[in-house]
Amino acid sequence: MLVHIVADRQEKIARLRSLLESTYRTSSALLSEQASIPAECGAIVIAADLRLADNIAALKQAAEKLSGIRRRIFIIDQKVRLAAAQAYALGASHVFFNSVDQRSLLLALADSVGTAQPAAQTDGVSLGAASGGAVSLAAMFSAVLSGRQIDVADATRAASRIAEAVAEDGFSHWLETVRRHHEGTYQHCLLVTGTAVAFGLSLGLGKSDMARLYQAAIFHDIGKAKIPLTVLDKPGRLDDRERALIETHAAAGYEVLKETGGITPEILDAVRHHHEYLDGSGYPDALCGPSISDLVRILTISDIFAALVEDRRYKPSMPRPQAYELLCGMRGKLERPLVAAFREVALTS
Ligand SMILES: [Fe+2]
Ligand SMILES: [Fe+2]
C-alpha cells in the first residue's frame, strides 16, 4: 500500500517517512503546495497545525479527494479535544498528537476503517474512540453540489463529536475555536451545532432529544450548497431577487435529504422549517405557532444567535450580549420562555 504524507512543515514529513518507510511505500507533499494526491494511495497521513487558517483552508479544498481514501490519519499539534474535533470535521478517520509513536501509527494504518478503534492516546491524553469514516463537512456540502449522496451516518458521527467537545470544553471555547478556523456556511454549520448542543444541555434534554437536535443542526443549512456563493457571501444588502433565492435553501435542503434516505421525518421537518416564526412571518410554508415543533423552536433560536455572532469576511461578529438582546426583541416570532432560557447559554455559558 502507498501511504501519502502531507504536512505543513518539511521536518514533519521527514519524521513520518522515517516511521513508515520500513513498512510502506510513501509519497509526500507540503500542504502549501496543493499537490495532487496519488490515485493509488491507500492511506493518507496529514500532519498540520489546525490553529492556522491557511492549513484549514487547504484541507477544506482537499476534502472531496480525501473522502475517497479509506484511512485518513490526522496528526495534530494541540493536545485538546477541540483540535481533534476540528480534525474529524475536516475528514479524519483517526487522530493522533504530534508525538505519536510508530506502533500506534502502524496499527491505525493496518486497521480497517469502520471497525471499532482503540482510543487514540498519547502522553496519557485520550481523544476518545476514533470510529472510522468521520465526515468532512466540506465534503458533505460538495456532495450536494455535485449530486452525490450524503453519508448520513458520517454526518451524525461528526455532530456527536461536536456535542462531546461542547459538553467537555464548554460553549465559549467551541465558539472561539470555530470562529478562528472556518468561514462561510461551513463555519455556520459548526457554530449552530455547537450552540444547539449548549442550549439542549442547559435545557436538560435527554440523550435521544440531544441526538435529534444535533442531527437537525448539522443538516439545517445543507440546502445552501445549491445557492451561488456570490449571493451567499455578498457583502451588504441583498436585493429582492437575491433574498428570494437564499430563501429557497430551506426547502432545497429538505428535498436533498428526503432523496438521501435515512433521515427521520422529524429531522426533515426541522431542516425545512428552521426559518419559520410563531407569528407566521417565516418561510417556506408560513407555519404558525402550533405547527412549529419544539425541535424547530430550539434550532431557530440557536441558528439566529450563531448567525449574529459569527465572523464573516464582510461582517464583524456581534458581541454576545447584543445578539441576545436582538433575540429578545423578536417578540411574537420566537417562543419567549425558550428565549429566556437561552440567556444562560448566550451570556454566561
Ligand atoms: Fe438557514
Ligand atoms: Fe442557518
Among the residues in the range 54-64, are any of a type in the set (K, R) and either within 27 Å of I162 (Cα to Cα) or open to solvent by less than 10 Å² (accessible area, probe 1.4 Å) (or both)? yes
If you scan the range 164-182, which residues turn out to be acidic (D, E) and either at pLDDT 75 or above or over 22 Å from D54 (Cα atoms) (or both)? E164, E168, D169
Determine whether the range 21-40 contains at least one residue that is assigned to a loop (DSSP other than H, G, I, E, B), under 26 Å from T156 (Cβ atoms), without any contact (Cβ under 8 Å) to a residue 60 or more places away in the chain and open to solvent by less than 60 Å² (accessible area, probe 1.4 Å). no
Qualifying position, being of a type in the set (D, E, K, R), at pLDDT below 90, within 16 Å of K258 (Cα to Cα) and more than 13 Å from ligand 2 (Cβ to nearest atom), among R161, R148: R148
For the range 187-223: of the residues being charged (D, E, K, R) and part of a helix (DSSP H, G or I), which is nearest to ligand 1 (Cβ to nearest atom)? R212
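Here's the yes/no breakdown for (1) aliphatic (A, V, I, L, M); (2) touching a Leu at 6+ places or on another chain (Cβ under 9 Å); (3) away from ligand 1 (no atom under 16 Å from the Cβ); (4) more than 29 Å from S172 (Cα to Cα):
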position: G289; (1), (2), (3), (4): no, yes, yes, yes
position: R297; (1), (2), (3), (4): no, yes, no, no
position: A307; (1), (2), (3), (4): yes, yes, no, no
position: L326; (1), (2), (3), (4): yes, yes, yes, no
position: M330; (1), (2), (3), (4): yes, no, no, no
Give the residue that is nearest to V192 (Cα to Cα), with candidates limited to residues of the range 295-329 that are without any contact (Cβ under 8 Å) to a residue 40 or more places away in the chain, within 16 Å of ligand 2 (Cβ to nearest atom) and open to solvent by 10 Å² or more (accessible area, probe 1.4 Å). I304
Given the structure, is T348 modelled with pLDDT of 95 or more and hydroxyl-bearing (S, T, Y)? no
Restricting the range 236-265 to residues that are open to solvent by 60 Å² or more (accessible area, probe 1.4 Å) and of a type in the set (V, I, T), the residue that is nearest to D154 (Cα to Cα): T264
Output the residues belonging to the range 265-282 that are more than 10 Å from ligand 1 (Cβ to nearest atom), out of contact with any Leu (no Cβ under 6 Å at 6 or more places or on another chain) and touching a residue at least 24 places away in the same chain (Cβ under 8 Å). E266, I267, D269, Y277, L278, D279, S281, G282
Inspect the range 116-132 for any residue being part of a loop (DSSP other than H, G, I, E, B), open to solvent by 10 Å² or more (accessible area, probe 1.4 Å), small (G, A, S) and modelled with pLDDT of 75 or more and give the result as yes or no. no
Scanning the range 254-311 residue by residue, the ones that are closer than 22 Å to F141 by Cα, among the charged types (D, E, K, R) and assigned to a helix (DSSP H, G or I) total 7
Report, by residue number, each residue of the range 194-233 that is within 16 Å of ligand 2 (Cβ to nearest atom), out of contact with any His (no Cβ under 9 Å at 6 or more places or on another chain) and open to solvent by 60 Å² or more (accessible area, probe 1.4 Å). L229
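The values are calculated or read from the model by the stated rules, or taken from the named source; none is laboratory data. None of these values were measured; they are calculated from a predicted model. Reconstructed Cβ throughout: ideal geometry from the backbone, glycine too, with neighbour counts over all protein chains shown. In case anyone asks, the SASA skips ligands and DNA or RNA and just uses the protein heavy atoms, side chains included. Shrake-Rupley method; radii C 1.70, N 1.55, O 1.52, S 1.80 Å.
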